Amino acid sequence: MNNDNRKLLVECISFFADPQLLKESAEHPNKPFMVSGILQRKGRRNQNGRIYPDEILIREAQKYAQTFISERRAMGELDHPSDSVVNLKNVSHNVVEMHWQGDDLIGTVEVLTTPNGNILRELFKNGIKLGISSRGLGTLKKVNETSSIVGDDFELIAFDFVSNPSTQGAFMAVVGQAPLNEGVLQNPVTNRWERTDNIIRNILTELG
């Protein structure tokens, strides 16, 4: 549905990697690196104050699966994009399957061997917590000072991995795999950002 009043809506949700998939990836390095977990939630108010009605998110998830997943082009980017187009040069992963489990939309994601995909894979291997963010276009109807409902014109575009999720509990963490560097953190938030930055720098150095 075309609507010039629609704006880019970005939401994050918890996504925990399946330990069995991680084990298989470690034992078979030539096979695709796969993770699975929660992609979105319906009918609940998130930290952005937005509520995605059941029927709207169910509709968009079905359309996304039939159009993008079935054609193997359900690609996403690394970090928060600023527009509604998936830029191929920034692609890091591809969603290969989705299904509902209660209010949670569960998905299986293949981490690709693109430059950003290699960075994403190494972050997982180092035990870095990441978020996964849904990206779409839509309008909002204000309910009160702190809450809005996503309109019927919502269109799901992609799921992206991010380092600063905005929804409660919106972190993606590798389950069943310990970080390479362990220890007591004096400042967990600062340490997490510095450690992530150092890992990315090391990956880029190796790839370059």
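Given the conditions (1) in contact (Cβ under 8 Å) with a residue 60 or more places away in the chain; (2) surrounded by 20 or more Cβ atoms within 10 Å (Cβ to Cβ), and given that residue 86 satisfies all but one, which numbered condition is not satisfied?
(2)
Would you say residue 92 is over 14 Å from the mean Cα position of the chain (by Cα) and either polar (S, T, N, Q) or closer than 14 Å to residue 135 by Cα (or both)?
No; evaluated as a whole, the condition is false for this residue.
Can you tell me which residues in segment 104-119 are polar (S, T, N, Q), under 17 Å from residue 78 (Cβ atoms), touching a residue at least 12 places away in the same chain (Cβ under 8 Å) and not in a helix (DSSP H, G or I)?
Selection gives 114 alone.
Residue 6 passes all but one of (1) loosely packed, with under 12 Cβ neighbours inside 10 Å; (2) farther than 26 Å from residue 115 by Cβ; which number fails?
Evaluating residue 6 over (1) loosely packed, with under 12 Cβ neighbours inside 10 Å; (2) farther than 26 Å from residue 115 by Cβ leaves (1) as the failure.
Can you confirm whether segment 21-43 contains a residue that is farther than 25 Å from residue 126 by Cβ and either surrounded by fewer than 18 Cβ atoms within 10 Å (Cβ to Cβ) or acidic (Asp, Glu) (or both)?
Yes; the residues of segment 21-43 include at least one that is farther than 25 Å from residue 126 by Cβ and either surrounded by fewer than 18 Cβ atoms within 10 Å (Cβ to Cβ) or acidic (Asp, Glu) (or both).
Kindly indicate which of 95, 162, 111, 150 is β-branched (Val, Ile, Thr), touching a Gly at 6+ places or on another chain (Cβ under 7 Å), closer than 17 Å to residue 43 by Cβ and buried (at least 20 other Cβ atoms within 10 Å of the Cβ).
One residue alone meets the criteria, 150.
Just to be sure I understand the filter: pairs with C-beta atoms under 8 Å, separated by 6 or more residues or on different chains, first member in segment 16-27 and of a type in the set (Asp, Glu), second member outside any strand (DSSP E or B) and modelled with pLDDT under 70. Which pairs pass?
Pairs found: 18/175.
Restricting the first residue to segment 130-142 and requiring it to be closer than 10 Å to residue 10 by Cα and part of a strand (DSSP E or B), which pairs with a second residue that is at pLDDT below 95 and of a type in the set (S, T, N, Q) meet a Cβ separation below 7 Å and a spacing of at least six or different chains?
Pairs found: 134/40; 137/84.
Just checking, how many residues over segment 54-82 are out of contact with any helix residue (DSSP H, G or I) (no Cβ under 6 Å at 6 or more places or on another chain) and either in a loop (DSSP other than H, G, I, E, B) or on the phi > 0 side of the Ramachandran plot (or both)?
Count: 8.
The values are calculated or read from the model by the stated rules, or taken from the named source; none is laboratory data. Predicted model only: the values in this text are computed from it and were never measured. Here the Cβ is made from the backbone with ideal geometry for all residues, glycine too, and neighbour counts use every protein chain on show.
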